[in-house]
Amino acid sequence: MRRALSGFFALLALSFPGRVAAQQEGGEGGSPPAGQESEGEERKKDDEKDAKYFAIVGGDVYTGSGAILRGATLLARNGKIAEIGYDVVVPEGTEKLDARGLRVYPGLIALGATSRMSTGATAVEGPDASEGTGDEAPPEPEIEIRWDGLLPVPVPRAGQSGATGTEPPDEQFQAEEEGEEKKSEIEDTFDPFNSFLVLALATGITTAQQSSAVVKLKRYEIDGVLLGERHLASIPWDLGNPSGIKSTRDKFAKAAEYQRALRAWRERNDKNLKEPSKKGVDTTANRVLAGEALAHFRASQREELLGIARFAQEYGIRPVVEGCEEGWTVADELGRAGAYAILTPRHRMPKDERFVRPGGASIENAALLHLAGVQVAVRPESTTIDFIGTAGRDLLALPVEAGFAVRGGLPEEAALAAMTIVPARVLGVDHRVGSLAPGKDCDAIVTDGDILHYQTFVQYAVVDGKLVYDKEKELYFAHIRPRPKEPAPAAAEEPKAEVESGEKEEAKEEAQEEQDDESSGEDEKQSDGGKDE
Amino acid sequence: MTLALLFTLLLQTPAKAGGDLLAIRVKRAETVAQGPIEHALILVADGKIVEIGEDLPVERGIPVLDRPEWVATPGLVNAHTRAGGERGSGRAFEPHALATLEIDPRNELWEELLELGVTTLALYPDGQGIPGQAIALQPHGKSVQDMLVAAPAYLQVYLQASASSKKALRDAFQKVDEYEDKVAKEREKWEKEQEKKKKASKTSGKKEDEKKEEKKEEPKAEDKKGGAFPQEDEKKDEKKEEKKDEKKTEAFVPPAPDEKVKPFLDLRKKSLTAMMSIRKAADYLHLLDVVEKEKDVQWFLQFPLGDDGDLYEVAQKIGEKKLLVVTAPEITLQTNSLRERNIPAELVRAGAKLALTPRSDTLQGHRDWLPDVGRLIGQGLPREAALAAVTLEAARALGLGEELGSLEKEKAANIVFWSGDPFEPSARVQAVMLGGKFVVEVGKEE
């Protein structure tokens, strides 16, 4: 993919010394066929003469993959990022967004957002959507104690998720399988004018998970909103329901057997041999083992997490663990399993005092998991989006949630990744979104400061190379710390900056950055407000 | 002079036709089609307007009604109403159903509507999804047949941003595809058979030809018998059939489509139009998603205006398509704000055609109709567009744009006479002429 892309640049003869092509993420879980497809589409579009360009000029570009390019230009072509760097040739007729003194980040990705975001206030919350929020209820009150030998085992009360009997989890399993057969209806219900969508964009969210689908928050149009589907396969793993765990194990064992048989059959390539039968093989387990979906667990206790980590290593799969409150106590094990953790850093969970072992929620959870190699994603306590939601309790404060993890020691870069590339990987859409890199979708946000700072506002949001949110033009936040007026006309400054950079060339890149910073004037200092670094 | 000459020349024909000529002289005629005419003279004969112009001389012998204080407008047309219809039939998918059975000619409402200047109404069938076809009627007549102006007027379709709603419409068109495939196959079969027959005997072919000619004559005869408003669609159908027949000297009788498929087939043939009812801006995009593939289908847009309405978001897009939009004269608030939006005016500015219905289907709603429209004029809706919205454009929505809706030659003499500017709240209906006859005369009743 990277080779093809660089070839494409060579074709365009756009390779300039100053250009820093941000690297494609290596070893990403993005499904290669889909990637090739989008590349094909891209080429087709490239053949069109009337390509549409969009440029974000002069901002500090945080690519989300490590690089920070200060005062750089991001150029998008037909909705895909064509180039990020300095001395970028911006073709005539390009729609330009002046981001001098501002920061450019990849658009944020909201995990498990409620369907209101894409279908508006009239949305009826389906069982799928409420599933996510239902699990967030604090577990303490529902817990009973069951004595297993000499050890007390905390068990959810009967009736909650079926502490007895094997049927309920099986039903759940089955129901999810059936649910997965259905194609997402999001393409037929998407409301690109709904005000919650604008609110989400105002938070910086450009992509949202809506039950099984991943949706691009496009405005004014309904084409191409469905980004991905069914990448998470929910697997029950509840200590209170040992038979459920056994059933999961059995299903995976059978599916693994089938996968082995299938591989052997394929390798032999013998026409006389029959293709192994899929009969009795659990489709969900099979999809996980075939690499079509990620196993998605909801677990918070140490024992559950340990079990999941070992189970995952057994089958060589990367588990996605949501909740993961006590993850910090078994971080090594989760790291070894290559787990993804979906955390709510501000979620409280008391230590179970019946145990001597460490437990309970910790402010350091995200930091320790990250240190152990677990890829951390963040989702807020409540994923509804509403005007009456208290700031901080809902999706409108996704960056603040990530900021809380930073408070606990998570590096800022990892905190940004927790809202961008990690959720993209979890949802299987990291080949399209999640970081700013050539070839990826131009989904970016422009902020007036550090995204993790509570004072920072999203000034602009761009989806597919189109400006979809401008703080000054929307009703919601325009009056709070209005964007300072520009002291000098932008047209006078731009060519000057270009000439300068041309003279000094890339050797004096740093000096140029400083110059750019100075030339953007006082407004930048004001808007940055000293919270920069 | 030349005008007068022309006039006399023109006059001769209707005079010879022997109709009851009547000339009405009014202060102003709002023709809608050609703008207002001061000191207008309207000549009516045989239920139609024969001539209209400024200060035209009248031949001796023709009775003249001199009303120098009246303002004449075309009869009001309500393009989308349930007024006078029965409640709660609750249909979901019955595209073949007509709203005809619902009307009761003895309903007092009709007379009252007529007194308010309403001369044509389109009654749409109740229900959800695709509940059936609307009919156009005049609120005057002793029987349903008397009242009917056009049946069907349009196919009522509700479309929302939901998978089931979109699927219903998609499936309907898919069934037409299936039917058309079926017809094509049958035709092939039939042609092969014909070839075989031809080879077998040439004499039998001639006989069939004769039969064909007989068939051609029949529909023409029916045409002449037809009422004052011959239905366009029937005519077109017949013409098409005839053309087909001419091409292939022998008649091919296609299998009859299912009654639920036929309306959609008619849509494609342009013998029927569709009224697409939506509620929100997103619905419009989803509607386009379904309908844009159907290039031949002519459709109008209808939506109610409420405070949650965000249709201003797509006003520009609707305008670019020059769509005919049927809505209510309502000033709405922008979502989550107190900013007033005049969506009808925005639509007109964007280039859309506008038809306005009363805000409610009740009698009071019809009483408030023109004052409500007047309020929109006060807030930026061009007056000509407003006048057309309650007359000519509304008539076009019913497929009757050629027959009524404006004060023009050859159009039905559905005229309302007002005491002043019809958009002034003080204006009262003085008289209503329906099909060339005065059906309401305020002075006489007193």
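The values are calculated or read from the model by the stated rules, or taken from the named source; none is laboratory data. If you're wondering where the values come from, they're calculated on a predicted model, not measured in any experiment. Neighbour counts are summed over all protein chains in view; Cβ atoms, including those assigned to glycine, are modelled from backbone coordinates with ideal geometry. These accessible areas exclude ligands, DNA and RNA; they are computed on the full protein's heavy atoms, side chains included. Shrake-Rupley method; radii C 1.70, N 1.55, O 1.52, S 1.80 Å.
Taken together, B:305, B:265 contain a single residue that is closer than 21 Å to residue B:331 by Cβ, more than 17 Å from the chain's Cα centre (by Cα), away from chain A (no Cβ under 11 Å) and open to solvent by 10 Å² or more (accessible area, probe 1.4 Å), which is B:305.
Of the numbered criteria (1) within 19 Å of residue B:400 (Cβ to Cβ); (2) at pLDDT 90 or above, the one residue B:270 fails is (2).
What's the number of the only condition in (1) in a loop (DSSP other than H, G, I, E, B); (2) of a type in the set (A, V, I, L, M); (3) open to solvent by 10 Å² or more (accessible area, probe 1.4 Å) that residue A:414 fails to meet? Of (1) in a loop (DSSP other than H, G, I, E, B); (2) of a type in the set (A, V, I, L, M); (3) open to solvent by 10 Å² or more (accessible area, probe 1.4 Å), only one is false for residue A:414: (1). Where residues in segment B:322-351 are of a type in the set (Lys, Arg) and surrounded by 16 or more Cβ atoms within 10 Å (Cβ to Cβ), which of them is farthest from the other protein chains (Cβ to nearest Cβ)? Taking the candidates together, the pick is B:349.
Across segment A:358-366, a minimum of one residue is classified as at pLDDT 90 or above and open to solvent by 70 Å² or more (accessible area, probe 1.4 Å).
Scoring residue B:149 on the criteria (1) more than 21 Å from residue B:125 (Cβ to Cβ); (2) touching a residue at least 24 places away in the same chain (Cβ under 8 Å) leaves a single failure, condition (1). Considering segment B:101-159, the qualifying strands (runs of 3 or more DSSP E), each wholly inside and each with 1 or more residues that are over 17 Å from residue B:366 (Cα atoms) and of a type outside the set (Asp, Glu), run over B:127-130, B:132-137, B:148-158.
Residue count for segment A:70-103 under the criterion of being hydrophobic (A, V, I, L, M, F, W, C) and buried (at least 23 other Cβ atoms within 10 Å of the Cβ): the result is 9.
Can residue B:42 be described as within 21 Å of the chain's Cα centre (by Cα), crowded, with 22+ Cβ neighbours inside 10 Å and farther than 30 Å from residue B:175 by Cβ?
Working: within 21 Å of the chain's Cα centre (by Cα): no; crowded, with 22+ Cβ neighbours inside 10 Å: yes; farther than 30 Å from residue B:175 by Cβ: yes.
Criteria not met by residue B:42.
Residues A:222, A:235: which one is within 14 Å of chain B (Cβ to nearest Cβ) and either among the hydrophobic types (A, V, I, L, M, F, W, C) or out of contact with any Asp or Glu (no Cβ under 7 Å at 6 or more places or on another chain) (or both)? Outline the logic, then answer.
Working: A:235 fails: within 14 Å of chain B (Cβ to nearest Cβ).
Criteria check complete, one pass: A:222.
Residues are listed down the side, and each one gets a yes or a no for (1) more than 24 Å from residue A:406 (Cα to Cα); (2) surrounded by fewer than 23 Cβ atoms within 10 Å (Cβ to Cβ):
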| site | (1), (2) |
| --- | --- |
| A:422 | no, no |
| A:436 | no, no |
| A:440 | yes, no |
| A:446 | no, no |
| A:469 | yes, no |
| A:478 | yes, yes |
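For (1) part of a loop (DSSP other than H, G, I, E, B); (2) of a type in the set (D, E, K, R); (3) over 30 Å from residue A:348 (Cβ atoms), each residue gets a yes or a no:
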position: A:240; (1), (2), (3): yes, no, no
position: A:257; (1), (2), (3): no, yes, yes
position: A:270; (1), (2), (3): yes, yes, yes
position: A:275; (1), (2), (3): yes, yes, yes
position: A:281; (1), (2), (3): yes, no, yes
position: A:285; (1), (2), (3): no, no, yes
position: A:304; (1), (2), (3): no, yes, no
position: A:307; (1), (2), (3): no, no, no
position: A:310; (1), (2), (3): no, yes, no
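Within the set B:434, B:381, B:354, the sole residue that is open to solvent by less than 60 Å² (accessible area, probe 1.4 Å), under 22 Å from residue B:80 (Cα atoms), in contact (Cβ under 8 Å) with a residue 40 or more places away in the chain and aliphatic (A, V, I, L, M) turns out to be B:434. Taking segment B:340-365 as the range and being assigned to a loop (DSSP other than H, G, I, E, B) and in contact with a strand residue (DSSP E or B) (Cβ under 9 Å, 6 or more places away or on another chain) as the test, the residues that pass are B:342, B:352, B:357, B:358, B:361.
Of all residues in segment B:273-296, those being open to solvent by less than 10 Å² (accessible area, probe 1.4 Å) and away from chain A (no Cβ under 13 Å) number 5. Considering each residue of segment B:48-63 in turn, at least one proves to be hydrophobic (A, V, I, L, M, F, W, C), in contact with a Pro (Cβ under 9 Å, 6 or more places away or on another chain) and at pLDDT 90 or above. Note on segment B:155-186: residues that are loosely packed, with under 14 Cβ neighbours inside 10 Å, more than 14 Å from every other protein chain (Cβ to nearest Cβ) and not acidic (Asp, Glu) amount to 4. For segment A:183-214, the set of residues classified as within 12 Å of another protein chain (Cβ to nearest Cβ), in contact with a strand residue (DSSP E or B) (Cβ under 8 Å, 6 or more places away or on another chain) and among the β-branched types (Val, Ile, Thr) consists of A:186, A:198, listed by residue number.
Would you mind finding the one in A:306, A:294 that is touching a His at 6+ places or on another chain (Cβ under 7 Å) and open to solvent by 20 Å² or more (accessible area, probe 1.4 Å)?
Values: A:306 fails: touching a His at 6+ places or on another chain (Cβ under 7 Å).
After applying the criteria, what remains is A:294.
Contact map, segment A:354-370: residues that are free of Cβ contacts under 8 Å to residues at least 40 places away in the same chain paired with residues that are among the aliphatic types (A, V, I, L, M) and part of a loop (DSSP other than H, G, I, E, B), Cβ distance under 8 Å, separation 6+ or inter-chain. Pairs shown: A:360/A:349; A:361/A:349. Residues in segment B:49-80 that are outside any loop (DSSP other than H, G, I, E, B), within 29 Å of residue B:139 (Cβ to Cβ) and not basic (Lys, Arg): 19 in all.
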